[in-house]
1. Quick check: residue separation of Gln471 and Leu516 times 0.36 nm, minus the Cα distance between them. What number comes out in nm?
2. Counting Lys and Arg as +1 and Asp and Glu as -1, each charge on the Cβ, what is the dipole of the chain about the Cα centre in debye, to the nearest 20?
3. Kindly provide the helix-only [θ] at 222 nm of the chain, computed as the sum of -39,500 (n - 2.57) over DSSP H runs of four or more divided by all residues, to the nearest 500 deg cm²/dmol?
4. Which of the peptides 526-533, 126-133 is most tightly packed, and how do the rest follow, judged by the mean count of other Cβ atoms within 10 Å per residue?
5. Placing +1 at every Lys and Arg Cβ and -1 at every Asp and Glu Cβ, with all other atoms neutral, what dipole size does segment 267-384 have around its Cα centre, in debye to the nearest 20?
6. In degrees from 0 to 90, rounded to the nearest 10, what is the angle of the helix 170-187 Cα long axis to the longest principal axis of the chain?
7. With a probe of 1.4 Å, find how much accessible area the chain has per residue, and write the answer as a whole number in Å².
8. Return one number: the angle in degrees, 0 to 90 and rounded to the nearest 10, between the long axis of the Cα atoms of helix 333-346 and the longest principal axis of the Cα atoms of the chain.
Amino acid sequence: MKLEHVTLNGNYFTAGSKRFIPIGVHLVPAKTGLNWLVDWDEKDIEKDFVKMSELGINMVRFDLFWAWVEPRPGSYNPKVFTQMAFLISLAHKYGIYLNPTFFIGGEVGEAYWDVPWRNGRHPHSDSDMLRFQTEHVAEFGRRYKGESAIIAWDLNDEPPFWVVRNITTDAMAINWTRLLTWSLRRVDPDHLICVGTDVSEIGRGPFRPDTIKEEVDFFSSHPYPIYNASLFPDPMLSERGSYAAAFQTLLSMGAGRPLMLQEFGASSAQYSPQNIALYDRVTMYSGLAAGSNSFVPWCYTDAAPELYKQVPYLRGPHETQFGITTWDRKDRPSGVETKEFSDIVSQMNFEGVEPALGEGAIIVPWEWAKPFGDFSKLGLTGPNIIPFVSVQEEGGSNHDQFESDYRSGEDNNWLMGAMISSFILARRAGAKVELPREYSDWQKYSFVLLPSPLTSTEKNVVHVHTSFWEQAREYVSKGGVLYASVCADTAIPDMGDLFGATLADHSTVSDVELTLTADFGGLSKGTTFCYTT
């Protein structure tokens, strides 16, 4: 068979003239592991393609290790292109699209596979490293322009967590993505482009959707609530955990691009295979309902026992058993779920369909979404005799430290925790909510939720701008419903005029008692709720 060229049509992928849902896996062969390009075994790889086809897989994501592809700056390994030719032939033969991932240096746990000639240079900011990378992607673009087996180029897998994990800024992420997509598109304008951005959308990483949205064709998310105890402290099969994929999908899509659920799953070294299968099922269906357009569980196969003796598996026991198949190609329960999901979505007609619009909105504050140093919404126009400089903006003292703190610190967890809880409560009430940005057209929704800390004042990244409340007043006057939760840090100008209630003081409490003073819904006057903080 000959695979048809893939494009994006609205929210969904289209092959030829028919929309479809890519169901993929990440390929790390069982016996050769991350060394598979070096220990190349064509017969074994083809057996993997046969098995993937049997599981209903129609897309495979795989790594192009930088040092293997480019052993010296500007010098490319000819074996790589022979290997690509073989993978392309298998793609057409078995009907499985390819999603190659560039510049892999970190993959599987804490593994870092460096480039021997990097010499400590930052790949997201050093001028020479940027030039080498733009030429690297262009080499592939020139060679494979028009190759229909490639569904999309992935610029990098989880780029903030490579060898420069805590020192990549928003500006670096934007510039890096912009340069690489420009270099690719000038020689290969037809292939789609994404970046495998891990959980940057909830962790406020530098490669979050809002910073790269102008450069990529679709976003990706890697929902792993089991590894994010600060936001998902419950068991894997808890109700809260079941909303992780849907929340991350809608948070990303609120920036204006479709989303691929690019990695999810768990290790049977830590969880029962049956529970993993149930988790994968709810992840795929909740993601589909929220608008995700493709699904790529991590990963295709468990590692073979002989790999346990070498890194990264030696130092990461849980990484040995993430497969939807065992190392000898037997179905795990999650593989069965993947096959059933693939069978069902292959029968669905997505023509003329787009994700349903939400009824309500949880506002994503501008300061969270914007790149650091962006003054475009700060109300300063024209020349200023006395320049405004914030310690939290570009040019302010300790700027890099502020940026790092806001990405990974308590402020972001406070905001994300409140938004996830509000999202779940809205869904429990039967209402679909979306996550539009503060300066978008959020007034089109019939109700708006502003959980604390969106109403707060001290931590700039987590609250709406003061000017928001003027729009809120207009929104409510036209019939919109606005819910705002408050805390001791809340500051809402003219709160009494808008809500009919004001703050008089703040007080530290350990116990809270709420008593209804009138009938409300199905609750009677006098009903009391008691909470211990």
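The values are calculated or read from the model by the stated rules, or taken from the named source; none is laboratory data. Note that this is a predicted model, so its numbers are computed, not measured. Glycine also receives a Cβ, built like all others from the backbone with ideal geometry; neighbour counts cover every protein chain displayed. What goes into the accessible areas is simple: the full protein's heavy atoms, side chains included, and nothing from ligands, DNA or RNA. Shrake-Rupley method; radii C 1.70, N 1.55, O 1.52, S 1.80 Å.
1. 13.2 nm
2. 1180
3. When only DSSP H runs of four or more count, the value is -9500 deg cm²/dmol.
4. 126-133, 526-533
5. Magnitude of the dipole: close to 380 debye.
6. Tilt relative to the chain: about 40 degrees.
7. 43
8. Taking Cα atoms only, the helix is inclined about 80 degrees.
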